[in-house]
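Chemist: Next up is a structure, given as structure tokens.
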Amino acid sequence: MAKANGGSLPILISGGGIGGLITAYALARQGLPVRLFEQSPEFREVGAGIQLGPNIFRVLEKVGLKEAVLADAHRPPAQEMRDALTGRLITRIPLADEFYARFGQPYAVTHRADIHGTFLEACQSSNLITLETSRRVDGYEDRGDRVTVTLDDGEDVDGTALIACDGMWSKIRERIVGDGKPRVSGHIAYRGVLKREDVPEDLWRPDVVLWAGPRTHFVHYPLRRGELYNLVAVFHSDHYEEGWNAEGSKDIMWQHFKNEVPQVKRMLERIETWRMWVLCDREPVKNWTKGRVTLLGDAAHPMLQYLAQGACMATEDAIILADKVAATRGDLPAAFQAYQQERYLRTARVQIMARVYGEFYHARGVTAELRDLMLSPRTPQQSYDGIAWLYGGP
Ligand SMILES: Cc1cc2nc3c(=O)[nH]c(=O)nc-3n(C[C@H](O)[C@H](O)[C@H](O)COP(=O)(O)OP(=O)(O)OC[C@H]3O[C@@H](n4cnc5c(N)ncnc54)[C@H](O)[C@@H]3O)c2cc1C
């Protein structure tokens with residue numbers, strides 16, 4: 001699929017995931033033509049949920065997409081952490097009025113396809129954006145005054161710059177950063193989505209609930225205005241497979257959850273086919289820009305999902321990058337440097353803290369006792385203070 005646009009040389013984007021689409025839209029809002037290449041035959045996101053902190057809504061409001069994203073989302077009243085062996089409540093963080101009063105933006109959960117679809121529609125409504133599927137970016141040449149991208153069919157395309165939004169296994173990152181393959185965390189995520197009517201009434205909860213177990217955790221929450229229910233089960237495993245959509249063995253998962261409370265096991269039993277992600281991240285870097293080429297989203301700073309922030313960070317990146325392009329009046333190398341400078345410490349902090357949260361969720365023995373001792377007495381305001389560095393930004 002291609003949509004025509006005329007005018008001057010465009011900015012080129014590789015990758016049409018959440019990061020690529022919102023970047024295209026944010027740049028087009030600044031009046032810049034954009035040409036986006038997606039390797040898949042269609043624009044789509046896998047069927048799973050995504051949590052959206054108040055920080056993403058702060059930047060979406062700037063580009064007029066906040067309400068569109070919220071329209072399909074679910075607003076959970078609270079986030080709960082429970083002990084998966086005893087069922088005991090460890091902590092409950094309200095996400096409604098008190099939370100809104102503190103951060104000035106909501107907390108929401110949505111289907112990945114819904115937020116991706118909103119960004120896609122926004123791009124399709126702009127005559128400055130050309131969207132092209134079944135087109136893989138295989139290489140590029142920075143020629144000083146422009147960038148030439150080579151596509152998989154051998155075609156060369158010129159642009160004023162290249163923004164690589166090509167995800168965790170980014171080919172362009174190999175050229176710019178050259179830090180090899182992502183780090184395999186040793187954690188694996190299984191996910192499934194149920195229809196509301198397939199969730200037993202006594203198990204349905206409007207909250208985001210996290211069951212913390214020894215070397216496991218299990219999260220569930222409603223999606224799509226409450227019509228669907230999202231389940232994610234995470235456990236330690238040295239299995240490795242690239243990509244986000246392999247089928248996961250039920251038997252292997254079951255071994256890790258068999259000692260957990262009936263509420264967890266009854267939910268896990270409801271899913272027929274699990275899809276699996278091998279969780280990876282990278283060490284933070286500060287050199288993800290070179291001349292007229294830069295990285296964005298998971299290509300720049302892939303993180304574990306334990307703070308539920310990868311898509312939020314990609315969206316913050318996009319809107320800040322577009323602001324820098326506007327501020328430097330078309331000096332794209334300068335804009336990319338300014339964007340990287342503003343982003344690298346914030347995203348590095350999320351990369352590092354996501355690992356720490358993962359350790360906490362999966363704690364055993366004394367570490368688990370310590371976690372419970374630290375979290376249980378917290379008031380909502382103390383919980384908000386602890387996460388204000390993230391939710392209060394960017
Ligand atoms: C289990 C799990 C749960 C998560 N939960 C949350 C959450 O609750 N909240 C949150 O904010 N984030 C969450 N995330 C993180 C979030 O999903 C990612 O950070 C986000 O999707 C990254 O978007 P992206 O556009 O940078 O990369 P991707 O989504 O990986 O998109 C990259 C795109 O580039 C395309 N591509 C790749 N190579 C090429 C090429 N050479 N040429 C052209 N196209 C190419 C791909 O086909 C793909 O469409 C979670 C992640 C996982 C694994």
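Chemist: If you look for lysine pairs in the chain that are eight or more places apart or on different chains, how many of them have Cα atoms under 20 Å apart?
Modeler: Going through the chain pair by pair, I get 12.
Chemist: Using a Gaussian network model of the chain with C-alpha springs under 10 Å, which one of 46, 350, 219 is most mobile by mean-square fluctuation?
Modeler: Greatest mean-square fluctuation among the candidates belongs to 46.
Chemist: Skipping prolines and chain starts, which residues have an amide H placed within reach, meaning under 5 Å, of the one on residue 295, given they are 5 or more residues away or on another chain?
Modeler: Those lying under 5 Å, H to H, from residue 295 are 164.
Chemist: Return the sequence-ordered ³J(HN,Hα) values of the range 112-129 in whole Hz as given by the Karplus equation 6.51 cos²θ - 1.76 cosθ + 1.60 applied to θ = phi - 60°, using x for Gly and Pro.
Modeler: 4, 5, 6, 5, 5, x, 5, 5, 5, 4, 4, 5, 5, 7, 9, 7, 8, 10
Chemist: Continuing with the same structure: Taking only protein heavy atoms and a 1.4 Å probe, what accessible area per residue, in Å², does the range 3-102 have with all protein chains in place?
Modeler: 39 Å²
Chemist: Here's another thing I want to ask about it. With the dipole of the chain worked out from charges on the C-beta (+1 for Lys and Arg, -1 for Asp and Glu) around the Cα centre, which of 10, 380, 356 lies farthest toward the positive end?
Modeler: 380
Chemist: Related question: Over all directions, how big on average is the projection of the convex hull of the alpha-carbon atoms in the range 107-199, in square nanometres?
Modeler: 10.5 nm²
Chemist: A further question follows. Which Cα, out of 116, 325, 210, lies furthest along the positive dipole direction of the chain (beta carbon charges, K/R +1, D/E -1)?
Modeler: My answer, from the dipole projection, is 210.
Chemist: Quick one: which residues, 5+ away or cross-chain, put their amide H under 5 Å from the amide H of residue 138? H built at 1.01 Å from N.
Modeler: Amide H neighbours of residue 138: 150, 151, 152.
Chemist: With only alpha-carbon pairs counted, each pair once and no self-pairs, how large is the Kirkwood hydrodynamic radius of the range 201-287 in angstroms?
Modeler: Evaluated on the range 201-287, it is 14.6 Å.
Chemist: Which percent of Cα pairs goes in each bin when the distances of the chain are cut into 10 angstrom slices starting at zero?
Modeler: 5, 23, 33, 24, 11, 3, 0
Chemist: Using only the C-alpha atoms of the range 24-94, find the volume of their convex hull and express it per residue in Å³.
Modeler: Each residue corresponds to 145 Å³ of Cα convex hull volume.
The values are calculated or read from the model by the stated rules, or taken from the named source; none is laboratory data. Predicted model, so just to flag it, every value in this text is computed and none were measured. FYI the Cβ positions are ideal-geometry reconstructions off the backbone, even for glycines, and counts take in every protein chain you see. Remember, those area values only see protein heavy atoms, side chains included, never the ligands or the DNA or RNA. Shrake-Rupley method; radii C 1.70, N 1.55, O 1.52, S 1.80 Å.
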